[in-house]
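Visitor: Input: one structure, supplied below.
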Amino acid sequence: MATTTTLPIIGIPCRNDRSVKYNGTAIYGQSVAYTKAIVQAGGVPFLIPLDLPEPSLRHLYDMTSGILLAGGGDIDPAVYGGAGHATIRDVEPNRDRAEITITRWAVADGRPLLGVCRGIQVIAVAAGGTLIEDIPSEVPDALPHKRPTGADREAGETGIVQLVRLTESSRLADIVGEEAISVNSIHHQAVRAVPAPFEIVGRSADGLAEAIEHRGHPFLVGVQWHPEQLVGSDESARRIFRAFVLACGDATVTVAPR
């Protein structure tokens with residue numbers, strides 16, 4: 001008799017986009033870097049569409065073993081009581097609603113969740129925290145937190161540009177096996193503050209938040225950089241995704257062998 005293998009399903013909320021091929025038709029999409037990172041770590045990526053009625057969104061959420069919040073545009077500052085800034089871009093209210101709702105469910109249910117770039121900010125906002133809306137304007141002495149042009153990003157280069165120091169006792173430091181790691185950086189906003197039981201556990205040399213955790217949760221981690229772009233070359237990035245997928249392993253889908 002053939003055996004079966006169980007693999008954790010990782011839900012990834014989509015982003016809004018427009019089709020170039022089909023005359024600007026509205027589409028939901030997500031970067032293949034996230035799905036490849038999940039597959040490499042042993043999981044099954046599952047894209048979650050936006051604009052669903054809450055019962056339908058909950059049904060899809062309940063089918064997952066864990067949630068990955070991907071990068072993207074800025075969160076509407078009205079959601080967290082921000083003042084608004086001229087540099088805020090690519091606001092997607094339907095994505096904000098879906099991701100904040102899912103994040104709150106994951107916090108309440110103890111479901112593993114990993115937030116990347118925008119994702120760390122969604123976690124903070126869903127928990128009642130606040131954001132720095134534009135680093136260059138609000139933190140004049142900050143280091144550069146993004147590359148000078150988009151050309152190298154489009155070319156798929158990793159763009160490691162800064163060092164992040166992790167809290168010694170943090171889950172993240174334990175996962176990567178180091179207290180300082182070199183990361184890529186593509187953001188103009190950052191987490192300003194998060195309420196307990198969340199905690200900032202990683203900072204860049206200028207003191208800005210680069211990682212947060214919920215210490216009492218089975219796995220709820222947010223990072224401001226893009227480990228999905230580094231899994232091909234960086235062991236710390238691979239360890240983050242492996243630890244996340246491993247934490248998702250209790251709720252699984254059965255896959256018949258081929």
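Visitor: Inside region 193-210, can you point out the residues that are in contact (Cβ under 8 Å) with a residue 60 or more places away in the chain and over 19 Å from residue 144 (Cβ atoms)?
Guide: Across region 193-210, the qualifying residues are 193, 194, 195, 198.
Visitor: Filter region 107-124 for residues that are under 15 Å from residue 70 (Cα atoms) and not charged (D, E, K, R) and give the result.
Guide: 112, 113, 114, 115, 116, 117, 119, 120, 121, 122, 123, 124
Visitor: Let me ask another. Among (1) at pLDDT 95 or above; (2) in contact with a helix residue (DSSP H, G or I) (Cβ under 9 Å, 6 or more places away or on another chain), which single condition is residue 117 missing?
Guide: Failed condition: (2).
Visitor: Taking the condition in contact with a helix residue (DSSP H, G or I) (Cβ under 8 Å, 6 or more places away or on another chain) and surrounded by fewer than 18 Cβ atoms within 10 Å (Cβ to Cβ), does residue 107 pass?
Guide: In short, no.
Visitor: Among 175, 186, which is touching a residue at least 12 places away in the same chain (Cβ under 8 Å), of a type in the set (Val, Ile, Thr), surrounded by fewer than 24 Cβ atoms within 10 Å (Cβ to Cβ) and over 19 Å from residue 71 (Cβ atoms)?
Guide: 175
Visitor: Of everything in region 157-172, what is in contact (Cβ under 8 Å) with a residue 12 or more places away in the chain, touching an Asp or Glu at 6+ places or on another chain (Cβ under 7 Å) and assigned to a loop (DSSP other than H, G, I, E, B)? Give them in sequence order.
Guide: If the condition is that a residue be in contact (Cβ under 8 Å) with a residue 12 or more places away in the chain, touching an Asp or Glu at 6+ places or on another chain (Cβ under 7 Å) and assigned to a loop (DSSP other than H, G, I, E, B), then 159, 170 are the ones that fit.
Visitor: How many residues does region 43-78 contain that are touching a Lys or Arg at 6+ places or on another chain (Cβ under 7 Å) and either basic (Lys, Arg) or surrounded by fewer than 19 Cβ atoms within 10 Å (Cβ to Cβ) (or both)?
Guide: The number of residues fulfilling the criteria is 2.
Visitor: Tally up the residues in region 219-258 that are farther than 27 Å from residue 162 by Cβ, touching a Lys or Arg at 6+ places or on another chain (Cβ under 9 Å) and either among the acidic types (Asp, Glu) or at pLDDT 95 or above (or both), please.
Guide: Counting residues in region 219-258 that are farther than 27 Å from residue 162 by Cβ, touching a Lys or Arg at 6+ places or on another chain (Cβ under 9 Å) and either among the acidic types (Asp, Glu) or at pLDDT 95 or above (or both) gives 1.
Visitor: Among the residues of region 1-42, which ones are touching a Lys or Arg at 6+ places or on another chain (Cβ under 9 Å) and not in a strand (DSSP E or B)?
Guide: 14, 24, 25, 30, 31, 37, 40, 41, 42
Visitor: Kindly provide the set of residues from region 53-90 that are under 28 Å from residue 241 (Cβ atoms) and in a loop (DSSP other than H, G, I, E, B), ordered by number.
Guide: Result: 64, 65, 70, 71, 72, 73, 74, 75, 89, 90.
The values are calculated or read from the model by the stated rules, or taken from the named source; none is laboratory data. For clarity, every value in this text was computed on a predicted model and none was experimentally measured. All Cβ positions, glycine included, derive from the backbone under ideal geometry; neighbour counts span all protein chains shown.
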